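No lab work stands behind these numbers, since they all come straight from the coordinates. Because the structure is a prediction, the values reported are computed rather than measured.
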Number of protein chains: 2
Amino acid sequence: MCENCVSLSPRGDKHAVEEGALLTPKFDASELITAVAVDAQDGQILMVAHMNQEALEKTLATGEAWYWSRSRGELWHKGDTSGQIQTVHDILVDCDQDCLILKVTVAGDGGCCHTGRRSCFYRRVETPAKGPAALVFIEQPRSS
Amino acid sequence: MCENCVSLSPRGDKHAVEEGALLTPKFDASELITAVAVDAQDGQILMVAHMNQEALEKTLATGEAWYWSRSRGELWHKGDTSGQIQTVHDILVDCDQDCLILKVTVAGDGGCCHTGRRSCFYRRVETPAKGPAALVFIEQPRSS
C-alpha cells in the first residue's frame, strides 16, 4: 500500500506482542486502533480518535497525525481544514498493541477540538449521591 | 439497573451533547465507551480500557474503576485479583461523549499493567526511514 513506508509487522503470539520489539498493531472489528493525542510539552490529553492501517502508515511516514473519521467514514489528515496540524514527536504503544499514544505539537491556533477548545476533554463529571450525573465546564472556547 | 445510583441521561442533539451539562455517554456498536486511566498526581497515562453502561454506573456509584473486559467478556473490577484497585478522583468526558478520562490513584503495588509495569505504555515506536517499525522499551517490569 505504501511503497517506501515504515511497515507494520504481522501479529505474533502473546509473548511476542507484549514483550517483542516489533510494532504489530491490533485493529478491532471495525479495523481501527485507538489513538490518544497528548501535548508533547505538558502531557495534557487533547483528543482520542481512531486510525485504520492506512492512517497509521501515513502517520509513521509523514510525522503528522492522520486518523480515520468514523463520523465521515474517511481518512482524516488532522488540521487540513483548521490548520491544527499535529506534528508527532513520539508514539507509545500498549501491552496488547491495541492502543497508541501520540505526543504531538499542534500548529495553527494550537487547539484540537472542533468546539474551539484546546482539549476535547473540557468537562468534568459531577456525581451527586443520586440522580443525573452532571458536567462542569473546565475550559471555555477561545474567543476568535 | 442500579436503584440508588447516579444516573446517565439520554442522548440529546449535537448541541446538547457538546455544550450541555448532563452526562449522556455514547456507547459504540459493541455497547462500550473508551476509558483512559491516568495517574491523578502526575497525569501519566496508565491504561486504556472500555466500559459498558453497568461498568460506568458502578464506577460512578463506588468511586472505584470498573471496566468491561473484552477478552474475558465480563465485568471487571480492576484490582480485585491484583490488589491494584483504582480510586477515581475525577472523570472528564470529551466533546461527543464517547470517551472518558479517569484520574486515579492505584492501590496495591501501584501498578496497572498485567506485565508488571506501572503503565501499559512501556514501549516507544521507532520509525526507521524504511522497513519494520520497531519498539524500544521505556519501562521494565518491577522485580517482585
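At 222 nm, what helix-only mean residue ellipticity would the protein assembly as shown give, in deg cm²/dmol to the nearest 500, using -39500 (n - 2.57) for each DSSP H run of four or more? Kindly include the intermediate steps, with their values, before the conclusion.
On the way: 4 runs with 32 residues, N = 288.
Using -39500 (n - 2.57) per qualifying helix, the result is -3000 deg cm²/dmol.
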For A:ASP28, distant residues with modelled amide H under 5 Å away: A:ILE33
Residues with amide H under 5 Å from that of B:GLU126, placed H, sequence gap 5 or more: B:ALA134, B:LEU135, B:VAL136
Distant-in-sequence amide H partners of B:LEU100 (H built 1.01 Å from N, under 5 Å): B:THR34, B:ALA35, B:VAL36
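Quick one: Kirkwood hydrodynamic radius for chain A, alpha-carbon pairs, angstrom, one decimal?
Details: mean 1/r = 0.0603 Å⁻¹.
Radius from the Kirkwood sum: 16.6 Å.
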Pair-distance profile P(r), taking every C-alpha pair of the protein assembly as shown, with 10 angstrom steps and integer %: 6, 28, 37, 22, 6, 0
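Over chain A, what is the relative contact order in percent, taking alpha-carbon pairs closer than 8 angstrom and at least six residues apart?
Relative contact order of chain A: 20 percent.
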